[in-house]
There are 2 protein chains.
Amino acid sequence: MTAVYYEHIKTCKQSGARLGKVHTPHGSFDTPMFMPVGTLATVKMMSPDELKEMDAQIILSNTYHLWLRPGEDLIREAGGLHSFMNWDRPILTDSGGFQVFSLSKLRDIDEEGVRFRNHISGEKLFLSPEKAMQIQHALGSDIMMAFDECPPYPAEYKYMKDSVERTSRWAERCLREHEGNTTQGLFGIVQGGEYKDLRRQSAEDLVSMDFPGYAIGGLSVGEPKHVMNKVLEETMPHLPDNKPRYLMGVGSADALIDGAIRGVDMFDCVLPTRIGRNGTCMTSEGRKVIRNAEFARDFRPIDEKCDCYACKNYSRAYIRHLVKSKEAFGFRLTSYHNLYFLLNLMVNVREAIKEDRLLDFKEEFFEQYGFNRPDAKNF
Amino acid sequence: MTAVYYEHIKTCKQSGARLGKVHTPHGSFDTPMFMPVGTLATVKMMSPDELKEMDAQIILSNTYHLWLRPGEDLIREAGGLHSFMNWDRPILTDSGGFQVFSLSKLRDIDEEGVRFRNHISGEKLFLSPEKAMQIQHALGSDIMMAFDECPPYPAEYKYMKDSVERTSRWAERCLREHEGNTTQGLFGIVQGGEYKDLRRQSAEDLVSMDFPGYAIGGLSVGEPKHVMNKVLEETMPHLPDNKPRYLMGVGSADALIDGAIRGVDMFDCVLPTRIGRNGTCMTSEGRKVIRNAEFARDFRPIDEKCDCYACKNYSRAYIRHLVKSKEAFGFRLTSYHNLYFLLNLMVNVREAIKEDRLLDFKEEFFEQYGFNRPDAKNF
């Protein structure tokens, strides 16, 4: 048995969405699942206890950021990331690839790896498939990600094909570096942009290497929503049913539901905490910018249908006051609510799969949230 | 029976410190007590639940700040400050006087009150004894403070005498405005700077008005520690034994103990949260600047003798990493620890009073904290 494996429970007869569980060395989590992001070994504004209270079953952390500070050696010395940050449930770490390509302006990619400058200090750094594995081994995450090349969007066919092939060669090097590790599961990342044949090629390459799980990368990078759905539909048939599928960097309510319908099991995104720190909340009626003047004397909870800690105890007026005054507790409450909102959405999605009515659930949710309106915002 | 009253339990035979309870409409609190400061209807970084977890029995909030934002009308509409901020234990509000004198550069004091400019918007404002009462009535705090003049430190005798006399006249106007209110207790504030006879005059004036409690104002404004102690010793004999005494704006561990020894029952200060947000912690061995490099690989808790949430679950290395990365959770932990440290110090002070050994406790504490060292910092 591998360190990480998927248990399929059922498929929604109406939508084809999958209900399952992913088992890891630090316990299991239900799928489809949203994973809060704790970039620097902390989910911004939150405590681990609060994350448990809202039943976050797995969190994500970022290899690139932890490598730069405090450094993977320090975290190894602390007994690994779980011990360092006091989180005993599963952790997934990305490979650092995305940050190298998105944060570093000066970078030089060759077959060996990527040379670039630290986005904080300017120091010269080198990240390779082997190094990305070594860092994640030091962190001790339950699920590790292979080091991939993240091409720009949009990218020419030729560029993308070379990139997909390099990502496959890098995936093999990751697997070799990971050989013998029985306490962490390594997932491959399917790339290929909008190109159907390249997505297929990437998926088939990686599936032939037999990873315990597969991610779909290179989406949620600026493409329209219908493109994301199309790519998912074209990629999924090439992934095995008995492994989990993870759609990287996606956290808007509509995309979570649409992803689940297309067979995605795992999602992550900074969206709920990022917009929370800007005073914006996701609610059952769509988004609410709590800092707006209309909420100054509104003593109702953020979301009248929500039973989270923030909604049970605090009013829009109070939270607006805190947010306007830049008081941390205000951002704690908006972040808490938004994370709870997405975790609870996934509870409802799983329930709908169980009852073979995920398409009906989507219709109701989209209608109430406002996604069906002509002016609907894509978030 | 007044809304707020003092119950004396015992006097420490060794030190003369008082053990007691103050009863308010929202419950009682043990004295001597440290009160965390929640300037804008939130104790910075903290949730009300965390404050209860550390057994904060009363918090303070600031009339001036709440008047400016969100405004006392909005808080009245919310059902008062307790309901607005979800805190059901006692709240003390200051009068706004201190902020008018410390934050506003342009101000014009006359017998009627103080004209000044809003420190945020620059708008012209006027605060008087009557207005300070009206705002605090809207806030609904359990303990209100009279509107006093806060003279600069140091101040000439003549200036101070005029100021003390005006503060007494203003105190009478506060009492008149407060007449008929049976749900909030109004405390008078003794001023007089370093002048023994003026402190006596101020105390006698106010005591003749029969407030349910008295504060000592105008200390912790830059004077040396021995001056604070001297003023306390000279003022206390003129205050009645059956009323609580509140030393305003004091939050360093040594001053809390020295104050209790001189008969003080209540203290407040932003110090623990302010230095916490700067990555500095109070510990049984003195202060520790957690952001310092020496703690980078130190996996011990902030204070090895502390059993607070932060110390039970997180290391210096982790908290340093968070603080260096400006992650809110780091400042939550340092703030939590510092507040707990002072609340727990007062638990120990009360225990020592009960056992008639507060002077012994002081000696041990000062020795361990480092206050007895020649280079001891006054905090």
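The values are calculated or read from the model by the stated rules, or taken from the named source; none is laboratory data. Worth saying up front: this structure is predicted, and the values here are computed from it rather than measured. Reconstructed Cβ throughout: ideal geometry from the backbone, glycine too, with neighbour counts over all protein chains shown. SASA here: full protein model, heavy atoms, side chains in, ligands and nucleic acids out. Shrake-Rupley method; radii C 1.70, N 1.55, O 1.52, S 1.80 Å.
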message: Tell me whether the range B:302-309 contains one or more residues that are facing another protein chain (nearest Cβ under 10 Å) and either open to solvent by 10 Å² or more (accessible area, probe 1.4 Å) or touching a Pro at 6+ places or on another chain (Cβ under 6 Å) (or both).
response: yes
message: What pairs come out if I take residues in the range A:1-22 that are of a type in the set (S, T, N, Q) and pair them with residues that are in a loop (DSSP other than H, G, I, E, B) and open to solvent by 10 Å² or more (accessible area, probe 1.4 Å) whose C-beta lies under 6 Å away, six or more apart or interchain?
response: A:T2/A:P212; A:Q14/A:D356; A:Q14/A:R357
- line: A:V221 vs (1) assigned to a loop (DSSP other than H, G, I, E, B); (2) crowded, with 20+ Cβ neighbours inside 10 Å: all pass except (2)
message: Which numbered condition in (1) open to solvent by less than 70 Å² (accessible area, probe 1.4 Å); (2) within 14 Å of chain B (Cβ to nearest Cβ) is the only one that A:R291 fails?
response: (1)
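Condition check ((1) within 30 Å of B:L74 (Cα to Cα); (2) part of a helix (DSSP H, G or I); (3) more than 14 Å from chain B (Cβ to nearest Cβ); (4) open to solvent by 10 Å² or more (accessible area, probe 1.4 Å)) across all residues:
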| site | (1), (2), (3), (4) |
| --- | --- |
| A:Y340 | yes, yes, yes, yes |
| A:M346 | no, yes, yes, no |
| A:R350 | no, yes, yes, yes |
| A:N372 | no, no, yes, yes |
message: Looking at the range A:44-55, can you tell me whether even one residue there is among the hydrophobic types (A, V, I, L, M, F, W, C), within 19 Å of A:Q136 (Cβ to Cβ) and either more than 14 Å from chain B (Cβ to nearest Cβ) or in contact (Cβ under 8 Å) with a residue 24 or more places away in the chain (or both)?
response: no
query: Taking the stated definitions as given, is A:Y336 in a helix (DSSP H, G or I), closer than 30 Å to B:R274 by Cβ, without any contact (Cβ under 8 Å) to a residue 60 or more places away in the chain and in contact with a helix residue (DSSP H, G or I) (Cβ under 6 Å, 6 or more places away or on another chain)?
result: no
task: Please name all residue pairs, on different chains or six or more residues apart, with Cβ atoms under 9 Å, provided the first residue is in the range B:190-218 and is at pLDDT 95 or above and polar (S, T, N, Q) and the second residue is buried (at least 19 other Cβ atoms within 10 Å of the Cβ) and in a strand (DSSP E or B).
output: B:Q191/B:I216; B:S202/B:G188; B:S202/B:I189; B:S202/B:V190
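Which ones in the range A:312-331 are assigned to a helix (DSSP H, G or I) and either open to solvent by 10 Å² or more (accessible area, probe 1.4 Å) or within 7 Å of chain B (Cβ to nearest Cβ) (or both)? Show your work before the answer.
Quick first cut of the range A:312-331, residues assigned to a helix (DSSP H, G or I) only: A:312-313, A:316-324, A:328-331.
Within the range A:312-331, A:K312, A:N313, A:A317, A:Y318, A:R320, A:H321, A:L322, A:K324, A:A328, A:F329, A:F331 qualify.
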- prompt: Which of (1) of a type outside the set (S, T, N, Q); (2) touching a helix residue (DSSP H, G or I) at 6+ places or on another chain (Cβ under 6 Å); (3) open to solvent by 60 Å² or more (accessible area, probe 1.4 Å) is the odd one out, the single condition A:K13 does not satisfy?
  reply: (2)
statement: In the range B:275-292, residues that are over 9 Å from B:N338 (Cβ atoms) and outside any strand (DSSP E or B) total 8
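For residues that are touching a residue at least 60 places away in the same chain (Cβ under 8 Å) and either over 19 Å from A:E177 (Cβ atoms) or surrounded by fewer than 19 Cβ atoms within 10 Å (Cβ to Cβ) (or both), tally how many sit in the range A:103-136.
First pass over the range A:103-136, keeping only residues touching a residue at least 60 places away in the same chain (Cβ under 8 Å): A:127, A:132, A:134-136.
With either over 19 Å from A:E177 (Cβ atoms) or surrounded by fewer than 19 Cβ atoms within 10 Å (Cβ to Cβ) (or both) added as a condition, the list becomes A:134.
So the answer is 1.
Scan the range A:293-311 residue by residue and report those that are of a type in the set (F, W, Y), in a helix (DSSP H, G or I) and free of Cβ contacts under 8 Å to residues at least 60 places away in the same chain. Give the steps one after another, and end with the answer.
Kept after step one, since they are of a type in the set (F, W, Y), are these residues of the range A:293-311: A:295, A:299, A:309.
When the remaining residues are screened for being in a helix (DSSP H, G or I), the result is A:295, A:309.
Selection gives A:F295 alone.
Within the range B:16-70, which strands (runs of 3 or more DSSP E) (wholly inside it) include 2 or more residues that are open to solvent by 10 Å² or more (accessible area, probe 1.4 Å)? If you could, list the steps in order and put the result at the bottom.
On the way: elements: B:18-24, B:27-31, B:33-36, B:59-61.
So the answer is B:18-24, B:27-31.
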- request: Would you tally the residues in the range B:125-180 being among the charged types (D, E, K, R) and in contact with a strand residue (DSSP E or B) (Cβ under 6 Å, 6 or more places away or on another chain)?
  value: 2
task: With the checklist (1) at pLDDT 95 or above; (2) open to solvent by less than 40 Å² (accessible area, probe 1.4 Å); (3) not polar (S, T, N, Q) in hand, flag the one item A:V100 doesn't pass.
output: (1)
- prompt: Has the range B:50-67 got any residue that is closer than 30 Å to B:S121 by Cβ and touching a His at 6+ places or on another chain (Cβ under 7 Å)?
  reply: no
query: When both residues are 6+ apart or on different chains and their Cβ atoms are under 6 Å apart, which pairs have a first residue that lies in the range A:270-285 and is touching a residue at least 12 places away in the same chain (Cβ under 8 Å) and over 24 Å from A:N62 (Cα atoms), and a second that is open to solvent by less than 50 Å² (accessible area, probe 1.4 Å) and among the hydroxyl-bearing types (S, T, Y)?
result: A:C281/A:T334
